[in-house]
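Below: one structure, written as structure tokens.
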Amino acid sequence: MSSNADSLQLKGQLLVAMPGMLDPRFARSVIFICAHSDDGSMGFVLNQPVASPKLSEILDELEIDVDDPEAADQIMVFRGGPVEQGRGFVLHSQDYSTPASSRVDDLACVTATLDALRRLASENPPHRSIMLLGYAGWSAGQLEEEILQNGWLTTPATHEILFETNHVRQYEAALASLGISEELLSAESGNA
């Protein structure tokens with residue numbers, strides 16, 4: 001017999017932080033879960049932009065030629081999570097994919113190669129993309145336990161929330177997809 005935690009299918013879901021989230025790194029965060037298995041989970045915080053570095057600075061450091069640095073800097077860089085913050089990931093639409101890309105259902109791909117960064121800076125970038133530094137990771141069973149302890153709400157990810165909703169509104173949009181507003185949430189809730 002499996003528990004509720006064992007039966008959670010989280011790949012392709014959004015995690016929405018509850019008001020009582022104790023870890024300040026995840027307060028009011030929306031996280032896209034890209035991988036989930038018996039070994040653990042991996043995802044990206046979608047709504048925490050960083051002021052520095054800019055994409056042009058990242059490309060310059062990696063010695064990737066950029067024809068138009070100002071255009072490259074129109075692509076925002078986000079803090080994807082506290083793990084490996086020096087590592088870059090591109091979350092992008094499926095019109096661009098390589099053998100190194102990891103597909104997340106029919107929603108998006110994740111690519112962590114220099115070629116993906118070159119493509120971001122090219123005249124033909126993916127239709128939609130997000131540059132992320134680092135990721136959020138959980139060991140086996142850890143995320144399921146956090147969900148059961150009311151740390152997170154889950155909702156299916158949508159292309160609209162991932163790529164079309166401004167980061168300032170993603171938290172409210174994710175809650176709205178569940179039919180609730182932030183005012184209705186309580187840091188204290190129970191399990192039925």
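Of all residues in segment 136-163, those that are within 20 Å of Val104 (Cβ to Cβ) and touching a residue at least 24 places away in the same chain (Cβ under 8 Å) have Cβ atoms under 6 Å from Cβ atoms of residues that are basic (Lys, Arg) and part of a loop (DSSP other than H, G, I, E, B), 6 or more apart or on another chain, in Phe163/Arg128. I'm trying to understand the selection: among the residues of segment 128-145, which are of a type outside the set (Asp, Glu) and over 25 Å from Asp60 (Cβ atoms)? Listed by number, the residues that qualify are Ala136, Gly137, Trp138, Ser139, Ala140, Gly141, Gln142, Leu143.
Exactly one residue among Val16, Val66, Val30 is touching a Leu at 6+ places or on another chain (Cβ under 7 Å) and over 19 Å from Glu144 (Cα atoms), and that residue is Val66. For segment 76-87, the tally of residues that are modelled with pLDDT under 90 and surrounded by 19 or more Cβ atoms within 10 Å (Cβ to Cβ) stands at 0. Test Glu144 against the stated conditions and say whether it is at pLDDT 90 or above and touching a helix residue (DSSP H, G or I) at 6+ places or on another chain (Cβ under 6 Å). The answer is yes for Glu144.
Just for segment 88-105: of the residues that are of a type in the set (S, T, N, Q) and under 17 Å from Gly134 (Cα atoms), which one is surrounded by the fewest Cβ atoms within 10 Å (Cβ to Cβ)? The residue in question is Ser102.
If you go through segment 101-115 and pick out every residue that is aliphatic (A, V, I, L, M) and at pLDDT below 90, you end up with 1.
Every listed requirement among (1) over 26 Å from Asn166 (Cβ atoms); (2) in contact with an Asp or Glu (Cβ under 9 Å, 6 or more places away or on another chain); (3) among the hydrophobic types (A, V, I, L, M, F, W, C) is met by Leu148 save one, (2).
The values are calculated or read from the model by the stated rules, or taken from the named source; none is laboratory data. Here the structure is a predicted model, which means the values were calculated and not measured. Cβ sites come from the backbone with ideal geometry, for glycine too, and all protein chains shown count toward neighbours.
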